[in-house]
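The numbers here are math on the coordinates, done by the rules we state, and not lab data. Predicted, not measured: the structure shown is a model, and the values here were computed from it. Glycine also receives a Cβ, built like all others from the backbone with ideal geometry; neighbour counts cover every protein chain displayed.
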Ligand SMILES: [Zn+2]
């Protein structure tokens, strides 16, 4: 494996590449040796005292690569708790609940079959990122120092399914769901990822009528790619919800840390509106008023409006899970939601979860007496959102400066890219940090037609 391939696999938030071509066993072991050195630095303690969690998803290459990560970590003298095949959030939960110094999840999340990767977290299940940690791992992998003759660390193998599921179930009143007038009919699509084993037993315990699809982990992905954000991967569940007259459809990505919802009419539920619903549910259960809720710069105003109505305090945040988790840890925010389907929970070590949102939505439907589309109607009828639209732009900063000048009479913020706010419409444009792209999210509070007109106007400026 040539060292020139290294820079391409260390992304902003994780390591990702094609198995065999970009990441093989040898490189995995070197990453395994580098990671504890970075954690040791972050935790301010010797490598020999580190406790590091390890998990892997269902990809065909995962058993081999996880073993090499493990061997690398043990060789440095660090101690490893190996949870085996789990969802990413189970690894986060292991790191959070046992106060481990860090964790490594061997996964390529929602990517196609050929990919592999690793999500690296430090104490508190906070992701290493390009700004802090990942580039240090890369530097050490390049140096490839031999372990300094340390005694190998201790290995513990641990089954965490039962304890994790118990912890997740505490977010809802399970008995209230079980005693609903009629069992909810729910289509679930695991994309042959980790949702089946992770969430399945919980859903079964709630007495739902489940229609299981692609529910068994299978790294061949015989059904579809495990990425429900792509419309072609959602076609199946939309059709199935309509065909079976189900109350709800839920689809997860490969490592099941993100879930997406289809209402009973077959319509996709936007992440903005789901953030609003989840925030409302959590605030209604909060012990004290004024809890902080984080949402991202792309989100519909539906989120802030809902949070305020429900007695919480909304705070806008930069996009990206490291930014959410770090701020939630620091400020003790109750909940954070990103429109891309990442939902973070304070009482889940501020980690993102694909299990808890599903449980909260099911509780809401079982106890609230309204269908999913009825719950969403006030949002869909008043908030008209464009969704995220990418444009190729050579000079991102120059274009954002142009936008700032053009809309100089608006309230402007530069928390993440540029946000332009008018009374009845607003938008955010931010650069991709890996590609020459600008991403636009726009909302009108007037009408769908108004949203389209303004969207096209801003797009014309971006693409001019
Ligand atoms: Zn994922």
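In nm, give the distance between the simple-model label positions of residue 131 and residue 98, each being 7 Å from the Cα along the Cα-to-Cβ direction.
According to this spin-label approximation, the distance is 3.0 nm.
Please find the FRET efficiency linking residue 161 to residue 212, where r is the Cβ-Cβ separation and R0 is fixed at 25 Å, and quote it to the nearest 0.05.
That pair, residue 161 with residue 212, gives E of 0.90.
Please rank 324, 236, 261, fewest neighbouring Cβ atoms within 10 Å first, as an exposure proxy.
Fewest-to-most ranking of 324, 236, 261: 236, 261, 324.
Would you mind ranking 278, 158 so that the residue whose beta carbon has the fewest other beta carbons within 10 Å leads the list?
Least crowded to most crowded, the residues run 158, 278.
Could you please rank 265, 434, placing first whichever residue has the fewest other Cβ atoms within 10 Å of its Cβ?
434, 265
Tell me whether the stretch 3-161 comes out rounded, prolate or oblate; compute the Cα gyration tensor, take square roots of the eigenvalues as a ≥ b ≥ c, and use a/c under 1.5 as the rounded threshold.
Judged from the Cα gyration tensor, the stretch 3-161 comes out rounded (a/c under 1.5).
If you take every DSSP beta bridge fully contained in the chain, what fraction is antiparallel? Give it as a percent rounded to 5.
55 percent
By how many nm would the segment from residue 347 to residue 461 lengthen if fully extended, with 0.36 nm per residue of separation less the alpha-carbon distance?
Fully extending the segment from residue 347 to residue 461 adds 36.7 nm.
Spin-label point model (7 Å from Cα, Cβ direction): what's the residue 308 to residue 13 distance in nm?
My value for the distance between the label points is 2.8 nm.
Can you figure out the FRET efficiency of residue 148 with residue 41, using R₀ = 25 Å and their beta-carbon distance, to the nearest 0.05?
That gives a FRET efficiency of 0.95.
Over the stretch 174-262, what relative contact order in percent results from Cα pairs under 8 Å that are six or more residues apart?
Relative contact order here is 37 percent.
Which distance in nm do the two modelled labels at residue 329 and residue 374 give, with both placed 7 Å along the Cα-to-Cβ direction?
Distance between label points: 4.3 nm.
Give the calculated FRET efficiency between residue 239 and residue 415 to the nearest 0.05, with a Förster radius of 51 Å applied to their Cβ-Cβ distance.
E between residue 239 and residue 415, to the nearest 0.05, is 0.80.
When the Cα centres of the stretch 186-237 and the stretch 415-431 are compared, how far apart do they sit, in Å?
Their Cα centres are 35 Å away from one another.
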